[in-house]
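The values are calculated or read from the model by the stated rules, or taken from the named source; none is laboratory data. Quick caveat: nothing in here was measured; it's all calculated off a predicted structure. As a convention, Cβ positions derive from the backbone with ideal geometry for all residues, glycine included, and neighbour counts pool all protein chains shown.
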Amino acid sequence: MFRLFFNVIQSVLGERLAGVAGLLHSAAVLLLVGVWLFPPVMWGFRRWRSAYGVREGIVVQCWNCGYAGLPHGLVCRHCGRELELPGLLRFSLGLRAWRIGRLASWVGALYHGLGLVCLYLLTAFFAYELDLFRPGPDLRKLFIAIGTIALVGSSILFRRALSLHSAGPLTRLSNLFFGLSALGFVLLFIFVASATAPVEGRYLGTLQNHGSEVTFNNLRVPIKEKGAGIEYLQIEQAELGYHRLFLLALEGAQRVAVPRDPIAGALLAHLAGAADRYERLGFAVRTRVERREFTTGVAYGVYSSGREIYFQRLQ
């Protein structure tokens, strides 16, 4: 299905594919950089305005006397009646008015700081998963650019949904819903980009036989008579044209697992253990070992080629 979709896009765009992909990729990079730079730039701009006595905020109108202006607290400055404000705006104004021991300013700074950390971590993680700065072929670059633009839109919507100065709960819920939808499109384009990734001859590391042991990158195992091997997990969906390889371990006289974080390790263990279940869903999940004997003192490059792993002697 995806292969047919890719062929249709290539046939429609033709020679313009490279130009469209390059333009969208440049725009996506600029948008993402803008999202990263926007918070510190706006902080500096507000500091500059505050230094010159310029106040900013949300203009509210009193339900009793009709006076409109920037609120100093929870009551109208003109008639003294309590203002009808959204819950989080009341909380923000309450913190602004509460200055005992500067606790309020610390709470506000912690909230905004936590939001910035989540913003940078979220966008950096998905930009890495999309291979934004290593897009590869034009078709892959096109999908990566669209996924990054969806990521920027998701970040903006999440910011509006979680802002202290946002509107009422209905607006927050709509922003949160569309933000999650945009994030779903990002995940979809990560999947599509992986289906268009060039996998032929991808370098995985260097393996060398030292006589009594074999090393592969930072892994080291004693060798046995039948040589050594690389164990890997293969995931494939033929109709979608999707396939991925995950290195699991180096095998010799012992088995040494590739170091991974606990979440990734648990996920790969689940995939390997539930292969039959995923096969009923159309995904082929197989654990394989590529084994051979290696000449002592010679370094071999380990590469992935399509759906397999092979070794090539390095000069």
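Descriptive notes on the structure:
- When the criteria are applied in full, residue 286 meets the requirement of being touching a Leu at 6+ places or on another chain (Cβ under 8 Å) and surrounded by fewer than 15 Cβ atoms within 10 Å (Cβ to Cβ).
- Flag if residue 313 is basic (Lys, Arg), in contact (Cβ under 8 Å) with a residue 12 or more places away in the chain and in contact with a helix residue (DSSP H, G or I) (Cβ under 9 Å, 6 or more places away or on another chain): no
- So residue 152, is it assigned by TED's automatic domain parsing to the domain that holds residue 300, surrounded by 15 or more Cβ atoms within 10 Å (Cβ to Cβ), at pLDDT 85 or above and not small (Gly, Ala, Ser): no
- Qualifying residue in the stretch 286-294 (condition: closer than 20 Å to residue 191 by Cα, in contact with a strand residue (DSSP E or B) (Cβ under 9 Å, 6 or more places away or on another chain) and not acidic (Asp, Glu)): yes
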